[in-house]
Amino acid sequence: MSVREIVTLGDPVLRERAREVSTDELRSPEVQQLIDDLIETKRAANGAGLAANQVGETLRVAVAEVEEGNPRYPYKPAFPLTVMVNPVIEPEGDEVELITEGCLSVPGTRAEVPRNMAVTVRYLDREGNEQVEQRRGLTAGTFQHEVDHLDGLLIVDRAEPEAVTSWEHYEREGKDGFEARAREIVARYGS
Ligand code: ZN
């Protein structure tokens, strides 16, 4: 396993639609190595998730995990490591909330992004088994963020121009209000 460099806004790979991975390819040492590297790189950067585009690979592979007390996102409920290959997200219901998100590929920035509060996620795990999960609240938002990456979309594309701020401005002006609202979202929708 190794920590890879995370590419940032401006690198065209972030704007590419990543391609589906075949089950044969998924079994290959290269793709299994990519998965291990995504996990290690995500953990080293304290991210909530990481998609293959973010380390320069245009394959539909992403990982998501929030550990207790994540310093970037202290308000996010913890959930276990999920490795997703070819993930597809279906919104359930029409409840949408504006979530102030960060992104390892858009350093120093927060953006308020509309996210469905209940989704079904279908994907292959790293062994190639089909998985179907319901995700809610902020966790549903994290999964939508990762699948957006695989479609070449970033938080700055989803947000209104005035809803994009520096992380420093967020810390100063937005954090207390958003963290209070995040707690309400967790109480209302679960994870
Ligand atoms: Zn991101």
Requested in this report: Using the structure shown, decide if Val61 is within 16 Å of the ligand (Cβ to nearest atom) and farther than 28 Å from Glu162 by Cβ.
Outcome: yes
Report task. Scan region 97-138 residue by residue and report those that are within 15 Å of the ligand (Cβ to nearest atom), of a type in the set (S, T, N, Q) and not in a strand (DSSP E or B). Result -> Ser105
Query raised in the report: Does region 151-187 hold any residues that are more than 11 Å from the ligand (Cβ to nearest atom) and of a type in the set (A, V, I, L, M), and which are they?
Result: Ala159, Ala163, Val164, Ala180, Ala182, Ile185, Val186, Ala187
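Okay, residues lined up against (1) part of a loop (DSSP other than H, G, I, E, B); (2) open to solvent by less than 70 Å² (accessible area, probe 1.4 Å):
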| position | (1), (2) |
| --- | --- |
| Met1 | yes, no |
| Thr8 | yes, yes |
| Gln32 | no, yes |
| Ile35 | no, yes |
| Ala62 | no, yes |
| Pro74 | yes, no |
Query raised in the report: Which numbered condition trips up Thr100, out of (1) among the polar types (S, T, N, Q); (2) in contact with a strand residue (DSSP E or B) (Cβ under 6 Å, 6 or more places away or on another chain); (3) open to solvent by 70 Å² or more (accessible area, probe 1.4 Å)?
Result: (3)
Query raised in the report: Going by the conditions given, is Gly102 at positive phi and either touching a Pro at 6+ places or on another chain (Cβ under 7 Å) or not basic (Lys, Arg) (or both)?
Result: no
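The values are calculated or read from the model by the stated rules, or taken from the named source; none is laboratory data. In this text, all values refer to a predicted model and were calculated from it rather than measured experimentally. Glycine gets a Cβ as well: all are built from the backbone with ideal geometry, and neighbour counts include every protein chain shown. Side chains included, ligands, DNA and RNA excluded: accessible areas come from the protein's heavy atoms. Shrake-Rupley method; radii C 1.70, N 1.55, O 1.52, S 1.80 Å.
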